[in-house]
Amino acid sequence: MSDCRITVLIVDDEYLERNLVKRCIDWNALNLEIIGEASNADDALKLIESLKPDIIFTDIRMPGMDGIEFSKIALQKWPDAKIVILTAYNDFDYAQMALKIGVSDFLLKPIDDEEVLSTATKLKALIETERSERNEFDELKKQIQDNLPYLRERFLNELISGSIEDSAIDEKLTFFGIAFNDSVYQIAALSAIGPVEIKEENRLIQNLRMVNYVRSYFKKLNKVIVFVDTFNRIIILSNNESLDLYKICIRLKNKITKDIGYNTNIGIGNIKSSASAIKTSYKEAIDALNYCAAAGVDNIVMCYRDIQATSEESKINNSRLRFCLKSGLENETIDIIKKAFSGIDAANTNAIPSVRITALDIISICCSVMLEVKENFDDLYLREIESYRTIINAESVQVIVEHVLAIAKSAIRAISKEQADNMNNLISDIKRFIKENISDPNLSLSYVAKHFYLNPSYLSRMFKKETGITFIEYLINKRMEKAISLLKEKNMKSFEIANAVGINDPNYFSSCFKKYTGLNVSEYKKLAQRDELS
């Protein structure tokens, strides 16, 4: 059957009725083709199996199986079919029941040519729309299948970056056919150290060669995925609880050196117990990888757990540094950083590896706090990577310390600006909420604070800081502005206006009004009526 034509089947136990339906309109003019007819439901069901008609006109009363039972079975066999019930007047309620089982329409006998034409035209348009949507869906589905490897790689990068909601992870894993069964998740990040002087084309070829080599190496191991992150690092994601990722990476590193001739640094994150924590293991793996570079060592596999002790013994006051960054305390932040580097002889080049590690810890904290304030700072990862490069390539302690101080100052400015923008947006939302609910007598500081999930004392302080007046003053001013507007526009009594602006006590309203305008309500109304007030 051609996809472009729309076919019709007629089912009625009376020959004259079938013939009437066939001849009542010009079916060909509508691009509809009558492909069969049947005198009973059983024969019609057989025709449906072979012909698969798009539209079925069927009588409701037939010997044996009636039209409703036939329609129910027909729609089970061919759910895309559009069924039109033909019924006499005394079968009207019966036909209404038919609509509930999925029948598209019904026509009353004796049939009217215009009604048949209208129904056929409507169903034709519906079928054409459904076909178009189905074709579009199939085309999109094909595009998805064609781009599945790319989409899968992009999903894995979103997974390790933490940009996917935890609640959506399982659904996306299923869609991409990734089965995570063991409650063990661990990331390793690999960076190959090849020739420095190399054309970009050759570099891309060698990167691809490395990726294919690592994929081939892990191909026989279950529950291990190899992909490339946005910085062209090779990422190994293990969900295999029986796999010792550290030992397997040691062997991989040695084979790469032997077979390809590259030195390789590999950083390994800690084991996590949920897919939502993969992003943390990835961050740890990158920290371990950067540790290798900062320490100036090549061809090493470094576990994050091994550098945690080093970080814990560092002179950095992590919690205090995070607090100062979040609070915009630039001088205190600088003091903490300088203290972390105190006692180091700037002229001692042997101190550079340990200084690099401390510097990377501080930059990691700065970036972490920035991400807490805002999920996506522009080019944050690029700035972080550039900082790593600067520190790794630095040949003096002074250059490293100066760079870290510059990064910290930049982070404080970015964090403070974002917090200020957030507060401005919040105050704007609160003002809008007050305007929209000005007639609500419950409108108060505690009411608004509860609506925006804020502490009332905090809201009071921040509102005064941002607007220059207290929350109560602002609320009363807005209620009085609304009251003046109502006085000018409508002939309302004082107590009615009070209620309209959310003040149930007329005496309190009068007091507020006089304090705001210098006049009582009646005086203001008289002046307004004489157009002496604008």
Checklist entry - Given the pairs Lys478/Lys514; Lys450/Lys478; Lys435/Lys464; Lys279/Lys409, which span a C-alpha to C-alpha distance of over 25 angstrom in this model? => result Lys279/Lys409
Checklist entry - Between Tyr458 and Gln419, 0.36 nm times their residue separation minus their Cα-Cα distance comes to what? => result 12.6 nm
Item to check | Estimated FRET transfer efficiency when R0 is 60 angstrom, pair Thr230-Glu33 (beta carbons, to 0.05) | outcome: 0.60
Item to check | Contour minus Cα-Cα distance for Ile472 and Glu153 (0.36 nm per residue) | outcome: 109.4 nm
Checklist outcome for this item: Kirkwood calc, the stretch 185-287, C-alpha pairs only, radius in angstrom 14.0 Å
Item to check | Label point distance in nm, Phe433-Glu523, each placed 7 Å from Cα along Cα→Cβ | outcome: 3.7 nm
Checklist entry - If r is the Cβ-Cβ distance from Glu115 to Phe137 and R0 is 30 Å, what FRET efficiency results, to the nearest 0.05? => result 0.40
Item to check | All lysines inside 23 Å of Lys253 as judged from Cα atoms, apart from same-chain residues fewer than 8 positions distant | outcome: Lys219, Lys220, Lys223, Lys283
Next on the checklist: In the stretch 6-143, if the dipole is taken from +1 on Lys/Arg beta carbons and -1 on Asp/Glu beta carbons about the Cα centre, which of Leu51, Asn31, Phe106 is farthest to the positive end?
Outcome noted: Leu51
Item to check | Extension gain from Ser183 to Ser446, taking 0.36 nm per residue of separation minus the Cα-Cα distance | outcome: 90.2 nm
Item to check | Ascending count of other beta-carbon atoms within 10 Å, so fewest first, for Leu16, Leu486 | outcome: Leu16, Leu486
Checklist entry - For the stretch 67-144, what does the alpha-carbon gyration tensor say about shape, rounded, prolate or oblate, given a ≥ b ≥ c as the root eigenvalues, a/c under 1.5 as rounded, and a/b over b/c as prolate? => result oblate
Next on the checklist: Take Leu371 and Glu130, extend 7 Å from each Cα along the Cα→Cβ direction, and tell me the distance between the two endpoints in nm.
Outcome noted: 4.9 nm
Checklist outcome for this item: Highest mean packing first, using Cβ neighbours within 10 angstrom, the peptides 274-286, 125-137 sort as 274-286, 125-137
Checklist outcome for this item: Nearest-0.05 FRET efficiency for Lys409 and Asn212 at R0 = 45 Å, using Cβ-Cβ distance, is 0.55
Checklist entry - Can you give the angle from 0 to 90° between the axis of helix 318-327 and the longest principal axis of the chain, with both taken from C-alpha atoms, to the nearest 10? => result 60 degrees
Next on the checklist: Using Cα-Cα distances under 8 Å and only pairs 6 or more residues apart, what relative contact order does the chain have, in percent?
Outcome noted: 7 percent
Next on the checklist: Taking the number of other C-beta atoms within 10 Å as the exposure measure, put Glu402, Glu489, Glu33 in order starting with the fewest.
Outcome noted: Glu489, Glu402, Glu33
Checklist entry - So how strong a dipole does the stretch 6-143 carry about its Cα centre when Lys and Arg Cβ are +1 and Asp and Glu Cβ are -1, to the nearest 20 debye? => result 400 debye
Checklist entry - Hey, what do the phi angles of the stretch 487-502 turn into as Karplus ³J(HN,Hα) couplings, whole Hz, using 6.51/-1.76/1.60 and θ = phi - 60°, x for Gly and Pro? => result 4, 6, 8, 10, 8, 10, 7, 4, 5, 5, 5, 4, 5, 5, 10, x
Checklist entry - What shape does the stretch 229-279 have by the C-alpha gyration tensor, where a ≥ b ≥ c are the square roots of the eigenvalues, rounded means a/c under 1.5, and otherwise prolate means a/b greater than b/c and oblate the rest? => result oblate
Checklist outcome for this item: Quick note on Ile101, Ile336, Ile434, ordering by fewest other C-beta atoms within 10 Å, gives Ile101, Ile434, Ile336
Next on the checklist: I'd like to know which of Ile357, Phe341, Leu321 lies farthest towards the positive end of the charge dipole of the chain, counting +1 on Cβ of Lys and Arg and -1 on Cβ of Asp and Glu.
Outcome noted: Phe341
Item to check | the stretch 151-310: relative contact order as a whole-number percent, Cα under 8 Å and 6+ apart | outcome: 30 percent
Next on the checklist: Along its three principal axes, how long is the chain when you only count alpha carbons? Whole Å, largest extent first please.
Outcome noted: 109, 93, 40
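Each reported figure results from applying straightforward, stated rules to the coordinates on display, with no laboratory input. A quick note: this is a predicted structure, and the numbers were derived from the prediction, not measured. Glycine also receives a Cβ, built like all others from the backbone with ideal geometry; neighbour counts cover every protein chain displayed.
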